[in-house]
Amino acid sequence: MNESKATRYQRLRRRAQLISAATGAALLLLVALTPGAQWLARVAANQALAWPASLQPAIALSLFVGALVLAAEAVAFPVSLYAATRGRRRSSQTRVDVRSVMASQARDAVVGAVVVIGVVAVLRVAMGAAGGWWWAVASALLAGASLVAMRLIGRGLTATGQTLALARPALSEALTALVARIGGGLVDVREWTSPDAGGARAVVTGVGGAGHVLLGRDMVRDWADDEVVVVVAHELSHHVHHDLARTVALDASLWCAALWCADRVVVLWGGRVGLQGVMDLAALPMLALAAGAVWGLVRPLRLAQSRAHERRADRFALEQTGNAEAFGRALRRLGEQHLAEERPSRWTRWLFHRHPPLDERLALGRDFSARRQ
């Protein structure tokens, strides 16, 4: 059976993701189970001696974690280049700008290092404050930080000039009426203008009463009003039903389980590789490896929750707009833009998909239309 372009492209993406995860895990395993972790911890601590004593622990932590993240990105670069090369071929683009791929990888490495350092800093604070219960306190702190970030990200993008008010008066009026009709609270729909926001995409930010729905430039420029309205209605469902907060709540419980397992691994087996406990800087690779393994095992549960939210949002958009035709057109546009598989296998859905399959979503629109006739 011949594969469609979308199926080939998505299979390539999944393969790249698996290879990248495997190489990262192999790097952590190599560092955790050899003297590499202790050596890197000593180097980081020695470099931190040049700083004031009050800053030395933070500097050593940043150097240690930053070195691991940069090493992981370096290992992953060939995979990223391969995926970009094959992906361009699948989309009929023959040239691959290696410098662009390298710049993207470098940007991801810097952002990833900052995020990971922040997360590890939270873990270390919890370890110092809560002792043997650090994993529970760390999970609560991470959940709180996630909620704060979700609440502020839309405001931050607007404050830095990365979003604009919609320039289409008729569309803006229709969306204002939609928000008011469904009780969306103080939700502002804006165009997302940052360099990474091209294409057809829509995201919702914010928790509580206030939030933003951010629309990609291509969607604002090229899509029909009724198509944009049905997409925004879908995103507003996530806001009305507090899906972002529900996601954080589930993640917090899973973080708790993953960090508890990581703690047990270090306590029971860390001594065999010279670790002095979870507060030992050299224990971080083993903690990350154990927590990451548990996080991978619970991935299907997180994806199942996401698909349930997306199904409810699809139904909500149809009920609020009554426009199954625009719903179908919007889904087909998004499917073409992102090369979505119409009928992925059951295992693929369980292990990789945050959204229901495209054919299931289109069938929902057809059923809705049939019921209204």
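The values are calculated or read from the model by the stated rules, or taken from the named source; none is laboratory data. No experiment lies behind these values; they were computed from the predicted model shown. Because the Cβ atoms are built from the backbone with ideal geometry, glycine has one as well, and the counts that use them run over all protein chains shown.
Counting residues in the range 290-309 that are in contact (Cβ under 8 Å) with a residue 12 or more places away in the chain, farther than 18 Å from L250 by Cβ and not small (G, A, S) gives zero.
Condition check ((1) free of Cβ contacts under 8 Å to residues at least 40 places away in the same chain; (2) in a helix (DSSP H, G or I); (3) more than 21 Å from R299 (Cα to Cα)) across all residues:
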| position | (1), (2), (3) |
| --- | --- |
| L18 | yes, yes, no |
| A25 | no, yes, no |
| A37 | no, yes, yes |
| Q47 | yes, yes, yes |
| P52 | yes, no, yes |
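Taken over the range 187-214, the residue count meeting the criterion of being at pLDDT below 90, under 18 Å from R333 (Cβ atoms) and surrounded by fewer than 16 Cβ atoms within 10 Å (Cβ to Cβ) is 2.
Within the range 333-350, residues that are free of Cβ contacts under 8 Å to residues at least 12 places away in the same chain have Cβ atoms under 6 Å from residues that are outside any helix (DSSP H, G or I) in no pair, counting only partners at least 6 apart in sequence or on another chain.
The residues listed here are A83, A76, A60, A71; of these, the one that is of a type in the set (A, V, I, L, M), modelled with pLDDT of 90 or more and surrounded by 15 or more Cβ atoms within 10 Å (Cβ to Cβ) is A60. Just one residue in the set T34, T23 is hydroxyl-bearing (S, T, Y), at pLDDT 90 or above and assigned by TED's automatic domain parsing to the domain that holds L123; that residue is T34. A residue that is surrounded by fewer than 22 Cβ atoms within 10 Å (Cβ to Cβ), over 23 Å from the mean Cα position of the chain (by Cα) and within 22 Å of A143 (Cα to Cα) occurs nowhere in the range 233-243. If only residues of the range 298-327 that are surrounded by 18 or more Cβ atoms within 10 Å (Cβ to Cβ) and among the hydrophobic types (A, V, I, L, M, F, W, C) are counted, the one that is farthest from Q373 (Cα to Cα) is A313. Looking across the range 144-186 at every residue that is crowded, with 19+ Cβ neighbours inside 10 Å, among the hydrophobic types (A, V, I, L, M, F, W, C) and under 23 Å from the mean Cα position of the chain (by Cα), the one that is farthest from A121 (Cα to Cα) is identified as L157. From the list A330, A283, the one residue that fits, being surrounded by 15 or more Cβ atoms within 10 Å (Cβ to Cβ) and either outside the structural domain of Y9 (by TED's automatic domain parsing) or under 18 Å from the mean Cα position of the chain (by Cα) (or both), is A330.
Residues checked against (1) aliphatic (A, V, I, L, M); (2) under 23 Å from A106 (Cα atoms); (3) in contact with a Ser or Thr (Cβ under 7 Å, 6 or more places away or on another chain):
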{"position": "S4", "(1), (2), (3)": "no, no, no"}
{"position": "I19", "(1), (2), (3)": "yes, yes, no"}
{"position": "T23", "(1), (2), (3)": "no, yes, no"}
{"position": "L28", "(1), (2), (3)": "yes, yes, no"}
{"position": "L40", "(1), (2), (3)": "yes, yes, no"}
{"position": "S54", "(1), (2), (3)": "no, no, no"}
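Filtering the range 263-273 for residues that are more than 29 Å from V179 (Cβ to Cβ), among the charged types (D, E, K, R) and not in a helix (DSSP H, G or I) leaves an empty set.
Report yes if some residue within the range 105-120 is surrounded by fewer than 18 Cβ atoms within 10 Å (Cβ to Cβ), more than 18 Å from G211 (Cβ to Cβ) and charged (D, E, K, R); otherwise report no. Checked the range 105-120: at least one residue is surrounded by fewer than 18 Cβ atoms within 10 Å (Cβ to Cβ), more than 18 Å from G211 (Cβ to Cβ) and charged (D, E, K, R).
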